[in-house]
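Below: one structure, written as structure tokens.
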Amino acid sequence: MKLEDRQIPKVFRAIFIGLLFVAPLTIAAAQTTEQLAEKALAATVYLEMMDSTGDTVAIGSGFFVRNDLIATNYHVVEVTARGTAKLVGKHTKYTIEGVTATDKANDLALLKVSAYGIKPLPLGNSDRVNIGTQVYVAGNPKGLEGTFSDGIISSKRGGYATQRLQMTAPISPGSSGGPVLNQRGEVIGVSFMTIEGGQNLNFAIPSKYLKTLLTRSQRVQPLSIVSPTVSAETYFSRGNQKYDLGDYQGAIDAYSRVIRLKPDDAKAYYNRGNAKYDLGQHLEAITDYDTAIRLNPDDAKAYLNRGLAKANLGQRAEAITDYDTAIRLKPDYANAYYNRGNAKDALGQYTAAITDYDTAIRLKPDYAWAHIGRGVVKANLGQHAAAIPDFDTAIRLYDTAIRLKPDYANAYVSRGYAKHRLGQLFSAITDFDTAIRLKPNDAWAYHHRGVAKANLGHHFAAIADYDAAIKLKLDDAVAYYNRGVAKARLNRTWEAQQNYRTALRLAEKTGNANIKALAKEGLRLMK
């Protein structure tokens, strides 16, 4: 089960400048989206920043403002010793020679490189940007090079000295430092942050501050001069970035450094707990959530996630107690109702589970997994006619999600699961195929595809998928049990027994009473 609510908090982190930036006599014409994308990406770079040992500590985006200067965010280069810049879609890497100017207050930095033949992006007048203005963003979100998206300016925040442009154009970790352009291809802002869990809460630094910084650009200074010491805030930001990139152990190391510097930082414990959860270290995650809750007793998300960790250890009654507290602190917490419904379902409290799913759906009508959960419980109660609309709704919601984000692997897994519950096995397998292509290390996709193949009688193919799932998730008791069933169907008795025994051992360890009972029954039938 995925953590539904792990949202690591993000910290908020015109002058004449010579002939190079004299405004043209005529206003540049608006360009097509294709033309804008081509020009923007031709000047946008992927930045990889390293510490003195050569370890990558940050990635980000930047763009050429001169043939030898790249603009980016200050936080991308803070506390780094060296780095490289690579034009998106190209193989050549430019060595970053140092910084020529920084503006910590406005999170900007200028980096010196030796490059030739680059067409820098022109800077526009950010003071003339109005709410509703169409904008375009280029960058490398989460390391995905050359992403181009659009949106509008939805608000202007802050005072003149530290103004920020709020926009609907999406940005993610890795987009920091990328250009925000108007319809004429002029840079009117620099991407610098998004608020997790916010609806279109993405922000850019107005280009007027970058214009000012260009006037202060001087001789090259080493990167290490940016900051001689590493602060707790820097380690925290580094942990967030590593977490978003899937480097959970790296995130744990960074959050541990925060905790050493600030032992009462509840968010650092909470985030470290999330990273440990993703590594399957549920007991250790609970310890961190315990501390986060002691330091901040009103954090509903910490109770929710501690409940999820307990549920994964089979401690479902204890998990329900945590979900109860999360709901008391946040009565409209749809995720807490959904997960409490899951725990009640596992305990056989079917009517109460349906009530929780009903509430989750009332609070969040597009909550596809809540529809699936409610459909599963209804089906288990023999209410098949009532279950079908829930599965149909889930499929419709995932259809929409996939249209909006075709590379959303989890949506394919979830839609495939709903189709499987409706008996649409071949269509379900197609969705699992797509999910695996997009995310080859998704154990659940292999597992569910194996179950669908087994239901079609394709036991050899099912075993191959269970093998892959177990390789990716060694403690998956359900996968061992299902592999045992498939091998029993092929009369491979000894191998089936071994799988049942492993499933039983893992189920006893995690408290999964259902698999424990099934594995025991499988062993009994093998005698």
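Every number in this text was worked out from the coordinates using simple rules, so none of it is lab data. Source: prediction; values computed, not measured. As a convention, Cβ positions derive from the backbone with ideal geometry for all residues, glycine included, and neighbour counts pool all protein chains shown.
Answer rounded, prolate or oblate for segment 441-527, using the Cα gyration tensor with square roots of eigenvalues a ≥ b ≥ c: rounded when a/c is under 1.5, else prolate when a/b is larger than b/c, else oblate.
oblate
If R₀ is 25 angstrom, what is the calculated FRET efficiency for the pair Asp433 and Arg489, using the beta carbon separation as r and rounding to 0.05?
Taking R0 as 25 Å, the efficiency between Asp433 and Arg489 is 0.65.
Counting only the backbone N, which residues of segment 56-86 are under 18 Å from the spot 7 Å out from the Cα of Leu279 toward its beta-carbon?
Answer for this model: 56-57.
Please list, in chain and number order, the residues 5+ apart from Val135 or on another chain whose amide H is under 5 Å from its amide H, with Hs placed from the backbone.
Sorted by chain and number, the residues that satisfy this are Gly151, Ile152, Ile153.
Where does the charge balance sit around Asn380 when Lys and Arg score +1, Asp and Glu -1, over other residues with C-beta under 12 Å from its C-beta?
Its environment carries a net charge of +2.
Return the subset of Lys93/Lys119; Lys301/Lys405; Lys242/Lys509; Lys156/Lys267 for which the Cα-Cα distance in this structure is over 19 Å, preserving the input order.
Table pairs above 19 Å Cα-Cα are Lys301/Lys405; Lys242/Lys509; Lys156/Lys267.
For the chain, just list the percent of Cα-Cα distances falling in each 10 Å bin from zero outward, please.
Percent of Cα pairs in each bin: 4, 16, 24, 23, 17, 11, 4, 1, 0, 0.
Helix-only estimate, please: 222 nm mean residue ellipticity of the chain, summing -39500 (n - 2.57) across DSSP H runs of length 4 or more and dividing by its residues, to the nearest 500.
Roughly -16000 deg cm²/dmol at 222 nm, from the helical runs in the chain.
Rounded to the nearest 20 Debye, what is the dipole magnitude of the chain about its Cα centre when Lys and Arg each give +1 and Asp and Glu each give -1 at the C-beta?
Computed about the Cα centre, the dipole is about 520 debye.
So between Arg396 and Lys509, what do we pick up on full extension, going 0.36 nm a residue minus the alpha carbon distance?
Net length gain for the segment: 36.9 nm.
Give me the number: length gained by fully extending Gln163 to Tyr116, i.e. 0.36 nm times residue separation minus the C-alpha to C-alpha distance, one decimal in nm.
Working it through step by step, the gained length comes to 13.6 nm.
Can you run phi through the Karplus equation (6.51, -1.76, 1.60; θ = phi - 60°) for segment 117-125 and list ³J(HN,Hα) in whole Hz, with x for Gly and Pro?
Karplus-based 3J(HN,Hα) across segment 117-125 equals x, 8, 9, x, 7, x, 8, x, 9 Hz.
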